[in-house]
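Chemist: What follows is a single structure, and I will ask about it in a moment.
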Amino acid sequence: MNWSGAYTWINLNYLLQGLWITIQISVISIILSSIFGAILGIIRYSKISKVSAFVGFLVDIVRNLPLLLILFFSYFGLPQIGIRFSTFSAAIFAFTIFESAMLAEIFRSGLEAVDKGQTEAARSNGLTYLQTLRYIVFPQGLKKMIAPIVSQFISLVKDTSLATIILLPDLMQRAQVIYGQDTNYMIPIFILVAATYFVVNYLLSLFAGFIDRRLKN
Amino acid sequence: MSLISFKNVGKSYGEFKALKDINLDINQGQIVSIIGPSGSGKSTLLRTMNGLEEINEGQLIVDDHDLSNPKVDINKLRKDVGMVFQHFNLYANKTILENITLAPRIVLKENTKQAEQNAMKLLEMVGLKDQANKYPSQLSGGQQQRIAIARSLAMKPKAILFDEPTSALDPEMIGDVLNVMKEVAGQDMTMVVVTHEMGFAREVGDRIIFMDSGQILEDSNDPKAFFKKPKEPRAQQFLSKVIGH
Ligand SMILES: Nc1ncnc2c1ncn2[C@@H]1O[C@H](COP(=O)(O)OP(=O)(O)OP(=O)(O)O)[C@@H](O)[C@H]1O
Ligand SMILES: [Mg+2]
């Protein structure tokens, strides 16, 4: 084991740039999939006969595919039909599709967990369907969703390491490059990378706890 | 001119007929009590009146809105017909004050100040002025139900529908809720009340509807006479059971 050789400034800087890519990929995918997931989840919850059924069908398909397959599809498959992405975009595309489906299901079940009496009361009070959703059902559902949403985000951050396989130069891929030079670097680099993922995800869950407390006040 | 008018109305859940050939006219200002055994269709009947349940047969007109027409603007009707539920159903994510002002602000487009002033008056009327900034979960059932009534009143409706408003309450809280309902009845409100409170039905009501297996078996404009001796044997049976308790 060679700690000082593994932890040179050059290597640390190289890893830091990988971390930056991991964070960018994660944040962009989280934002995009939150938007799409919420929309899809609401459509599925709303039971607009055919549309909701169709969305449900797509969501169920995607949720039951391995993420790696979706990643390969967007990086290797899409160019076959003329859609070409950079590695970065292909990764975001794949993660957004997968996470949107996972989040759609969380949104749907969170909304469905809200007592039906709340909807009946709001509708009887003269609110339209969308007003009821916006002022009553969605805010109440959101409280129930925070925990599963955050664990989904945490799995996303971890899953970004899969993009190593399409040679996205993220934290994990750069770690491989470094210990590829010398196996004595392997354990020190593993430890450092593990600690980094832990810190990022731990901060994420602290932030979630903060939001959760604010919503529950 | 009646506010609520049923003509040969039927309602089924699949094969099961929950309402059969309902004919009923309720006038503005009437206090109507609906009584009958469990499963007789009381809630279903009440919930058709603001479109929470759709009807399958006949014609139902409420405040000039034809509920048998699938194109009816149900939200418009609901501005004028409030509902109070057995389990209160106050908005869990809103304070008491917000529970009362939400619909006036959003649906009636009242400004916040006006809506809040009105809400405070209603809170005073139901005796809960000091609870304005609490959340529903911090209140007792009886308090929540009085807020639910205030929430309905804030829309200045023509009618309020009550579905067993006191059935989920501890006995010592029933009186407070009934007192508020009596006060509302005194303001010339149209009220349709599904209830097991025979005292309220007899003393405050103008009219008794007795239901059994989806039908209106007896419709009496003289509650005192009804409670002395109903005409229908099924109603007699029912009364001897509930009053015998
Ligand atoms: N959504 C539904 N699907 C199928 N059957 C239903 C549904 N809602 C009500 N019913 C049936 O319709 C009948 C009338 O129900 P309803 O709730 O109107 O009775 P009720 O007189 O209010 O009884 P209770 O005093 O117990 O509240 C019952 O037999 C009930 O099982
Ligand atoms: Mg009922």
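The values are calculated or read from the model by the stated rules, or taken from the named source; none is laboratory data. Here the structure is a predicted model, which means the values were calculated and not measured. Using ideal geometry, Cβ is built from the backbone for each residue, glycine included, and neighbour counts are taken over all protein chains shown. We work out accessible area using only protein heavy atoms, side chains counted, and drop any ligands, DNA or RNA first. Shrake-Rupley method; radii C 1.70, N 1.55, O 1.52, S 1.80 Å.
Here's the yes/no breakdown for (1) among the small types (Gly, Ala, Ser); (2) in contact (Cβ under 8 Å) with a residue 24 or more places away in the chain; (3) within 16 Å of ligand 2 (Cβ to nearest atom):
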| residue | (1), (2), (3) |
| --- | --- |
| B:ASN23 | no, yes, no |
| B:ILE26 | no, yes, no |
| B:ILE35 | no, yes, yes |
| B:LEU52 | no, yes, yes |
| B:ILE55 | no, yes, no |
| B:ASP66 | no, no, no |
| B:ASN69 | no, no, no |
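Chemist: Of all residues being within 11 Å of another protein chain (Cβ to nearest Cβ) and in a helix (DSSP H, G or I) in region B:139-154, which is surrounded by the most Cβ atoms within 10 Å (Cβ to Cβ)? Just the residue, please.
Modeler: Once the filter is applied, the top-ranked residue is B:ARG151.
Chemist: Tell me, which strands (runs of 3 or more DSSP E) wholly within region B:155-218 include 1 or more residues that are more than 14 Å from chain A (Cβ to nearest Cβ) and away from ligand 2 (no atom under 16 Å from the Cβ)?
Modeler: Fully inside region B:155-218 and qualifying: B:190-194, B:207-212.
Chemist: Would you mention how many residues in region B:146-179 are within 12 Å of the chain's Cα centre (by Cα) and within 13 Å of B:PHE85 (Cα to Cα)?
Modeler: 10
Chemist: Still on this structure, please answer the following. Filtering region A:75-112 down to residues that are open to solvent by 40 Å² or more (accessible area, probe 1.4 Å) and among the small types (Gly, Ala, Ser), which residue is nearest to A:VAL27 (Cα to Cα)?
Modeler: Looking at the filtered set, the residue picked out is A:SER89.
Chemist: Additional query: Which one of A:ILE211, A:ILE154, A:ILE166 is closer than 20 Å to A:TRP20 by Cβ and touching a residue at least 60 places away in the same chain (Cβ under 8 Å)?
Modeler: A:ILE166
Chemist: Further, regarding this structure: Residues in region A:137-145: is at least one farther than 30 Å from B:LYS76 by Cβ, within 13 Å of chain B (Cβ to nearest Cβ) and either touching a residue at least 60 places away in the same chain (Cβ under 8 Å) or open to solvent by less than 50 Å² (accessible area, probe 1.4 Å) (or both)?
Modeler: Looking through region A:137-145, at least one residue is farther than 30 Å from B:LYS76 by Cβ, within 13 Å of chain B (Cβ to nearest Cβ) and either touching a residue at least 60 places away in the same chain (Cβ under 8 Å) or open to solvent by less than 50 Å² (accessible area, probe 1.4 Å) (or both).
Chemist: Please tell me if B:PHE85 is among the aromatic types (Phe, Trp, Tyr), within 16 Å of ligand 1 (Cβ to nearest atom) and over 14 Å from the mean Cα position of the chain (by Cα).
Modeler: no
Chemist: Still on this model: Can you tell me which residues in region B:175-201 are on the phi < 0 side of the Ramachandran plot and open to solvent by 30 Å² or more (accessible area, probe 1.4 Å)?
Modeler: B:GLY175, B:ASP176, B:ASN179, B:LYS182, B:GLU183, B:GLY186, B:GLN187, B:HIS196, B:GLU197, B:GLY199
Chemist: Name the strands (runs of 3 or more DSSP E) wholly within region B:10-88 that hold at least 3 residues that are within 14 Å of chain A (Cβ to nearest Cβ) and open to solvent by 70 Å² or more (accessible area, probe 1.4 Å)?
Modeler: none
Chemist: Related question: One residue is enough: does region B:156-170 have a residue meeting the conditions under 23 Å from B:ASN221 (Cβ atoms), open to solvent by 10 Å² or more (accessible area, probe 1.4 Å) and away from ligand 1 (no atom under 16 Å from the Cβ)?
Modeler: Yes: region B:156-170 contains one or more residues that are under 23 Å from B:ASN221 (Cβ atoms), open to solvent by 10 Å² or more (accessible area, probe 1.4 Å) and away from ligand 1 (no atom under 16 Å from the Cβ).
Chemist: Can you tell me which residue is most open to solvent (accessible area, probe 1.4 Å) among those in region B:89-112 that are closer than 19 Å to B:ILE147 by Cα and of a type in the set (Lys, Arg)?
Modeler: The selected residue is B:ARG105.
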